[in-house]
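Just below is one structure, and these are the notes that go with it.
Nothing in this text is a laboratory measurement; each read-out follows from the coordinates by a stated rule. Quick caveat, the model's predicted, so the values are computed rather than measured. Cβ: placed from backbone, ideal geometry, glycine included. Neighbour counts: every protein chain shown.
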Amino acid sequence: MMKTYRDILNAVQANKRKKTISIAMADDPSVLEAIKAIDEKGIAHAILVGDAERIKRIAREVDYQITDDMIVHAVDDVEIAFKAVEQVRTGKADILMKGHISTPILMKAVLDRETGLRKGCVLIPVAVAEIPTYPKLLVTGDGGITIAPDLETKKSILGNMLDVCQKLKIGQPKVCALCPIEKVNPKIQETLDAAELQKMAEAGEFGNIILEGPMAMDVALSAEAARKKGIQSRIAGDTDVILVPNITSGNATIKILMYLANARVGGLVMGAKVPIILLSRSDKPEEKFNSMILAILVAD
């Protein structure tokens, strides 16, 4: 089981086949700093899609030595998005990454029925956090695309998170179906969904996992909290996966971990033909680096 981003990096470095990342609108200092670090460690190549002169200028500013054959020149935002996706679709790249481009423009190219990367299922953002006060990596989702997932969508979200868990070598993922309380309340839809998901898990629908819900965050993260509440749990304080009920709670969870708990975080979008790195343009190079090595691991 991988418990830190160092473990992920070690696993990626042990792989002899270097992956290639296609970056849409790569004229961004933090993106080029992150890909420079990846390149220096010898774990991935980059295809830099965008304005060639701007990419070269910013590469010089961050002291990253690039060559002309690394660049796919395009100026228009839509053209950049489609060319970046094309690198993946034609087998030249294994991973797609958002650079200094708007998410809607890039996703329109990803979802194009003829030239995109659709696989038939919903796209799901999955975040992985290394938290100083927690003994292992914590996988969360969906905090970025699905506003209020229904039960079927939650099953898809869970399936994509479990795919990431498999790559992290988590043998029997322990999953919390997050709710504000531990009892089913007909007025709180997420408690009904959580109870149903637990039944499905107990029936073996999701493979070798332990899923409990409804469950509040304190119980998921603390065996002591479960004891004080009188709750019998097999996952309390040892949770691997937080399945959040909506986009607000998912987005808040990961940002609270980042800003208040000093968590190291990476994330990627699952559900397409390849992993997609789709972080905010304000994210730091370290977060982009973490996301890159996570995507490289998952792309294997």
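Using a Gaussian network model on the chain with a 10 Å cutoff between Cα atoms, which of Lys108, Lys16, Lys174 fluctuates the most?
Of the options given, Lys16 has the highest mean-square fluctuation.
Could you tell me what % of all Cα pairs in the chain have separations over 27 Å?
For the chain, the fraction of Cα-Cα distances above 27 Å is 41 percent.
Give a residue-ordered list of calculated ³J(HN,Hα) values for the stretch 133-145 (Karplus: 6.51 cos²θ - 1.76 cosθ + 1.60, θ = phi - 60°; whole Hz; x for Gly, Pro).
Calculated HN-Hα couplings, in order: 9, 10, x, 7, 5, 10, 9, 10, x, 9, x, x, 10 Hz.
Per residue of the stretch 79-95, in order, report the coupling 6.51 cos²θ - 1.76 cosθ + 1.60 (Karplus, θ = phi - 60°) as ³J(HN,Hα) in whole Hz, putting x for Gly and Pro.
Calculated HN-Hα couplings, in order: 4, 4, 4, 5, 5, 5, 5, 4, 4, 6, 4, 8, x, 7, 9, 9, 9 Hz.
With angles folded into 0 to 90 degrees, how steeply does helix 5-14 sit against the dominant principal axis of the chain? Use alpha carbons for both and round to 10.
Here the helix axis deviates by roughly 50 degrees.
On C-alpha positions alone, give me the angle between the axis of helix 151-167 and the longest principal axis of the chain, in degrees, nearest 10.
Taking Cα atoms only, the helix is inclined about 70 degrees.
Roughly what angle does helix 52-61 make with the longest principal axis of the chain, taking Cα atoms, 0 to 90 degrees, to the nearest 10?
Long axis of 52-61 versus the principal axis of the chain: about 70 degrees.
Pop the C-beta distance of Leu260 and Asp150 into the FRET formula with R0 = 22 Å and round what comes out to the nearest 0.05.
0.10
At 222 nm, what helix-only mean residue ellipticity would the chain give, in deg cm²/dmol to the nearest 500, using -39500 (n - 2.57) for each DSSP H run of four or more?
Computed mean residue ellipticity for the chain: -12500 deg cm²/dmol.
On full extension of the chain, what length is gained from Thr133 through Lys273, given 0.36 nm per residue of separation minus the C-alpha to C-alpha distance?
46.9 nm
Would you please give the residues with an amide H less than 5 Å from that of Lys19, counting only those at least 5 places away or on a separate chain, with H modeled from the backbone geometry?
Amide H neighbours of Lys19: His45.
Running a GNM on the chain with Cα contacts under 10 Å, which residue among Leu260, Leu111, Leu178 ends up with the highest mean-square fluctuation?
The residue with the greatest mean-square fluctuation here is Leu260.
Round to the nearest 0.05 the FRET efficiency obtained for Lys18 and Lys199 when R0 = 45 Å and r is the Cβ-Cβ distance.
0.55
At a 10 angstrom cut-off on C-beta neighbours, averaged per residue, how do the peptides 72-80, 126-134 rank from highest to lowest?
Sorting 72-80, 126-134 by mean packing, highest first, produces 126-134, 72-80.
If you average the sequence gap of Cα pairs under 8 Å that are 6 or more apart and divide by the length of the chain, what percent do you get for the contact order?
In percent, rounded to a whole number, it is 23.
Kindly flag which residue pairs out of Lys119/Lys183; Lys92/Lys255; Lys155/Lys273; Lys83/Lys284; Lys83/Lys288; Lys3/Lys108 have an alpha-carbon separation exceeding 29 Å in this structure.
From Lys119/Lys183; Lys92/Lys255; Lys155/Lys273; Lys83/Lys284; Lys83/Lys288; Lys3/Lys108, over 29 Å: Lys119/Lys183; Lys92/Lys255; Lys3/Lys108.
So, in Å, what gap is there between the alpha-carbon centers of the stretch 240-290 and the stretch 115-135?
First find each Cα centre; the distance between them is then 7 Å.
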